[in-house]
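Colleague: Please find one structure pasted underneath; my questions will follow.
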């Protein structure tokens, strides 16, 4: 895959890893808040190997994509970026979004003027998410704003945040999500201003907006939920499936909110199988 600059809303510079034949069905991968495109690395490679044209992008203010100079990290900003990228495609895409990326994908596909899409895969995101789980994520992001003195310190903080997850054998992989600043400390690859937007997550306005969008979706939909997720509850999943009656659902055992990373093998197999059915 090649790293290529894209343009979001008003020309905002986005960065994506792009691979596969452009004449094949496009698949756009949208990571969660506070993550980068590297969270999809293995999934992106398998999608390319399976014959899809893959666009794995960093969201605005994340990874190598530009930060919003006006501080706009609203859902509208992420939706506008996605629509700008889709406008460059010659055919409708498949959208795969986790958490924040999934919310942006759902709104883009269901809220007028809606994108024409082939299929939608929502990864541990529903309109009504558990407040406790959302606050747990936000608390971790807030507590680590000052960065880390070493990669080992960062690894320990992540291990405490995700106690059930197997720790990587080395810390080098963290450099995909952290960068060393002039003060010598390692900081996340996302703009701290991202946390200042209060219009996302578990607010009532967020839920109502996503519910309205979900009710209009006609394309094939798959909801992938981490069975141990503290963000998407059983009630939250069922509520979404009532709105999108034709949607499929997969609960991934042994996975929390970060499903693709927790059980990468199961996740990749599931989305490839779903796309094989949905695009047949």
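Colleague: For region 241-268, which positions are assigned to a helix (DSSP H, G or I) and either at pLDDT below 90 or within 18 Å of the chain's Cα centre (by Cα) (or both)?
Modeller: Residues satisfying the conditions are 259, 260, 261, 262, 264, 265, 266, 267, 268.
Colleague: Quick check on my filter: what residues within region 1-17 are closer than 18 Å to residue 115 by Cβ, in contact with a strand residue (DSSP E or B) (Cβ under 6 Å, 6 or more places away or on another chain) and assigned to a strand (DSSP E or B)?
Modeller: Those that are closer than 18 Å to residue 115 by Cβ, in contact with a strand residue (DSSP E or B) (Cβ under 6 Å, 6 or more places away or on another chain) and assigned to a strand (DSSP E or B): 6, 14, 16.
Colleague: Evaluate region 125-133: report whether one residue or more is touching a strand residue (DSSP E or B) at 6+ places or on another chain (Cβ under 9 Å), in the same structural domain as residue 241 (by TED's automatic domain parsing) and touching a residue at least 60 places away in the same chain (Cβ under 8 Å).
Modeller: Looking for residues that are touching a strand residue (DSSP E or B) at 6+ places or on another chain (Cβ under 9 Å), in the same structural domain as residue 241 (by TED's automatic domain parsing) and touching a residue at least 60 places away in the same chain (Cβ under 8 Å), one finds at least one in region 125-133, hence yes.
Colleague: Within region 231-244, does at least one residue satisfy the condition of being farther than 20 Å from residue 132 by Cα and surrounded by 18 or more Cβ atoms within 10 Å (Cβ to Cβ)?
Modeller: yes
Colleague: Give the residue that is surrounded by the most Cβ atoms within 10 Å (Cβ to Cβ), with candidates limited to residues of region 18-40 that are in contact (Cβ under 8 Å) with a residue 40 or more places away in the chain and not in a loop (DSSP other than H, G, I, E, B).
Modeller: In this case the residue turns out to be 30.
Colleague: Give the residues of region 225-240 that are within 17 Å of residue 106 (Cβ to Cβ) and either part of a helix (DSSP H, G or I) or free of Cβ contacts under 8 Å to residues at least 24 places away in the same chain (or both), sorted by residue number.
Modeller: 236, 237, 238, 239, 240
Colleague: Out of 168, 213, 154, report the one residue that is surrounded by 19 or more Cβ atoms within 10 Å (Cβ to Cβ) and either outside any helix (DSSP H, G or I) or touching a strand residue (DSSP E or B) at 6+ places or on another chain (Cβ under 8 Å) (or both). Outline the logic, then answer.
Modeller: Details: 168 fails: surrounded by 19 or more Cβ atoms within 10 Å (Cβ to Cβ); 213 fails: either outside any helix (DSSP H, G or I) or touching a strand residue (DSSP E or B) at 6+ places or on another chain (Cβ under 8 Å) (or both).
Answer to the check: 154.
Colleague: Pick from region 1-17 the residues that are more than 19 Å from residue 45 (Cα to Cα) and either in contact with a helix residue (DSSP H, G or I) (Cβ under 9 Å, 6 or more places away or on another chain) or outside the structural domain of residue 36 (by TED's automatic domain parsing) (or both): which of them is surrounded by the most Cβ atoms within 10 Å (Cβ to Cβ)? Walk me through it before giving the result.
Modeller: Here is the first cut: in region 1-17, the ones more than 19 Å from residue 45 (Cα to Cα) are 6-14.
After this cut, where a residue has to be either in contact with a helix residue (DSSP H, G or I) (Cβ under 9 Å, 6 or more places away or on another chain) or outside the structural domain of residue 36 (by TED's automatic domain parsing) (or both) as well, the list is 6-12, 14.
Values: 6: 18, 7: 14, 8: 22, 9: 19, 10: 12, 11: 9, 12: 21, 14: 26.
The extreme case among them is 14.
Colleague: With within 18 Å of residue 7 (Cα to Cα) and touching a residue at least 12 places away in the same chain (Cβ under 8 Å) as the only criterion, which of 54, 69 stands out? Spell out the reasoning first.
Modeller: Details: 69 fails: touching a residue at least 12 places away in the same chain (Cβ under 8 Å).
None of the others qualify; the one that does is 54.
Colleague: When the residues of region 171-182 are filtered to those that are assigned to a loop (DSSP other than H, G, I, E, B), touching a residue at least 12 places away in the same chain (Cβ under 8 Å) and under 30 Å from residue 70 (Cα atoms), which remaining residue is farthest from the chain's Cα centre (by Cα)?
Modeller: Of everything passing the filter in region 171-182, 181 is farthest from the chain's Cα centre (by Cα).
Colleague: Kindly provide the set of residues from region 73-111 that are farther than 24 Å from residue 272 by Cβ, touching a residue at least 40 places away in the same chain (Cβ under 8 Å), out of contact with any strand residue (DSSP E or B) (no Cβ under 8 Å at 6 or more places or on another chain) and outside any helix (DSSP H, G or I), ordered by number.
Modeller: 73, 74, 111
The values are calculated or read from the model by the stated rules, or taken from the named source; none is laboratory data. Keep in mind that what you see is a predicted model, and the values were worked out from it rather than measured. Cβ sites come from the backbone with ideal geometry, for glycine too, and all protein chains shown count toward neighbours.
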